[in-house]
Amino acid sequence: MSMNAKFLGHSANDLFWFILPLVLPALLVRYELNFSQAGGILTMYLAVLALFSFVVGKLSDRISRKKILGYGFILASLGLASSGFAPSLTLFLVFISITAVGVSTFHPVMYAVIDDHYPNNKGQVMGLYEGFGTGAILLMFLVNGFLLNKIGVRGILVLTAIPAMIVGLQYLLGTSIPEKIKDQEQKGAKSTRGSVFGFSILLLSVIFRVFSVTAVLNFLPTIFVSFLGYQGDRASYVTAFYFAGGLAGSLIAGRISDKFNSFIILITGTILIIPSLLFFSMELPGWFYFVPVSLFGCFASACIINQNLLIGRMGKSLGKGEVFGILMGAMTITSSLSPALFGLLIDHIGYSTALILFLIPLIISSFLLIFLKSFTAAKTEVAL
């Protein structure tokens, strides 16, 4: 499978993860929604995506990865484009649910492909892979934000769906997708209690980190308008700065991940997210806030690459597709729940206190990683 097909596929797929928040203000007007209903749409979309990530991950170890990816992209494209023409909220929900099923097929399969077929320079490949996804989201915010008032929500949804249709057809008709490596020693001898324990602790640390990161990320523009005194047009670029930092973090982490211990990078990145978020509770010059936003994106993206490298190693007792299906499902469920809790806390105890409380999961995640690194090192010494 060519590098370009893999990277462009990630770019096309990642557009679907942030298109709904982009058009949500217009959907509020179109379907006369309140904020709770709007949040419910996002939660439903992510919940369907999470559920089918589990299912697809399991299936990808048994049936053709090429067909899963190709038909998944086509399904996502048709669902999103059709949602732009939905005459009622009910049909809109049906179409975006179909979209979510299609979107769920990519990450579990492609993470497994990378983990299977790139034994050398895996970190660099993963960094480029994440960089293409982050870069596409950054470009989407800039282009679609500019075009939204010109072509409307329907036009934006159709435009965003087109790359997925092209990539889906390319996967089905032209691109060769590597299937599961034969005779992988993922089960049986390597299915030890230690590996299951390590995988579980690592997954738990990811859940705690994602809980904090996604909550703050989803509220970034609101934070800058409501609490940091930004105008609406300037605040709209805040998320773009996050993904610009994420693009840099992906490329840098990809380079160093093949030379340094992934545990060290993941622990360091998780810890450094904490001070980058603390800046948002301080009174600083307005321009300076874009620095911690960029660092926030940089550290968060660096963590994603190294968590994936470690998940692939520590989940050897399961099929590769199943491992990454579990990862994506757990991350997506967490992403659907944490913003709602963050907003609820802001309403009841205030922004600064809520932000500080949401640093606690990052601290827990760091301690879990430190414990797991020590446990893994001790286990290795015993084996020797």
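For the chain, the solvent-accessible area works out to 43 Å² per residue, with a probe of 1.4 Å and every protein chain left in place. Pair-distance distribution P(r) for the range 223-299, from all Cα-Cα distances in 10 Å bins starting at 0: 19, 46, 24, 11, 1 percent.
Once the convex hull of all Cα atoms in the range 193-377 is built, its volume per residue stands at 112 Å³. Between ILE63 and LEU142, the contour length at 0.36 nm per residue exceeds the alpha carbon distance by 24.6 nm. Each of ILE114, ILE267, CYS298 was placed along the dipole of the chain (beta-carbon charges, centred on the mean Cα), and the one lying farthest toward the positive end is ILE114. Restricting the trypsin sites (Lys or Arg not before Pro) of the range 21-108 to loop positions (DSSP other than H, G, I, E, B) with no more than 16 neighbouring Cβ atoms within 10 Å leaves ARG62. Counting only protein chain heavy atoms and rolling a 1.4 Å probe, the accessible areas of GLU32, GLU283 rank, largest first, as GLU283, GLU32. Along the chain, the exposed loop sites are chymotrypsin sites (Phe, Trp or Tyr not before Pro) outside DSSP states H, G, I, E and B with at most 15 other Cβ atoms within 10 Å, and the longest stretch free of them is 86-259.
For the range 238-384, give the percent of accessible area contributed by carbon and sulfur heavy atoms, probe 1.4 Å, rounded to a whole number.
Looking at the range 238-384 in its full context, I get 75 percent from C and S.
So between THR268 and VAL55, what do we pick up on full extension, going 0.36 nm a residue minus the alpha carbon distance?
Details: separation 213, 0.36 × 213 = 76.68 nm, distance 3.26 nm.
73.4 nm is the gain from fully extending THR268 to VAL55.
Given the convex hull over the Cα atoms of the range 68-129, what projected area results after averaging over all orientations, in nm²?
Details: hull surface 19.0 nm².
Dividing the Cα hull surface by four gives the mean projection, 4.8 nm².
Under the combined filter of DSSP loop state and at most 11 neighbouring Cβ atoms within 10 Å, the range 241-339 retains these trypsin sites (Lys or Arg not before Pro): LYS259.
Considering all C-alpha pairs of the range 1-95, those separated by over 22 Å amount to 37%.
What is the percent carbon and sulfur in the accessible area of the range 1-124, measuring with a 1.4 Å probe over the protein chains and ignoring ligands?
Values: 3290 of 4880 Å².
C and S atoms contribute 67 percent here.
Structure note, pairs LYS66/LYS373; LYS58/LYS373; LYS316/LYS373; LYS259/LYS316; LYS66/LYS259: Cα-Cα distances above 24 angstrom occur for LYS66/LYS373; LYS58/LYS373; LYS66/LYS259.
In whole Å and largest first, what semi-axes does the C-alpha gyration tensor of the range 3-174 yield when each eigenvalue is scaled by 5 and square-rooted?
Working: eigenvalues 159, 61, 40 Å².
Semi-axes, largest first: 28, 17, 14 Å.
Considering every alpha-carbon pair of the chain, the percent of pairs per 20 Å bin, from zero through the bin containing the longest distance, is 28, 60, 12, 0.
The values are calculated or read from the model by the stated rules, or taken from the named source; none is laboratory data. All values derive from a computational prediction rather than experimental measurement. Methodologically, a virtual Cβ is constructed for each residue, glycine included, from the backbone with ideal geometry; neighbour enumeration extends over all protein chains shown. Accessible surface areas use protein heavy atoms only, side chains included; no ligands, DNA or RNA. Shrake-Rupley method; radii C 1.70, N 1.55, O 1.52, S 1.80 Å.
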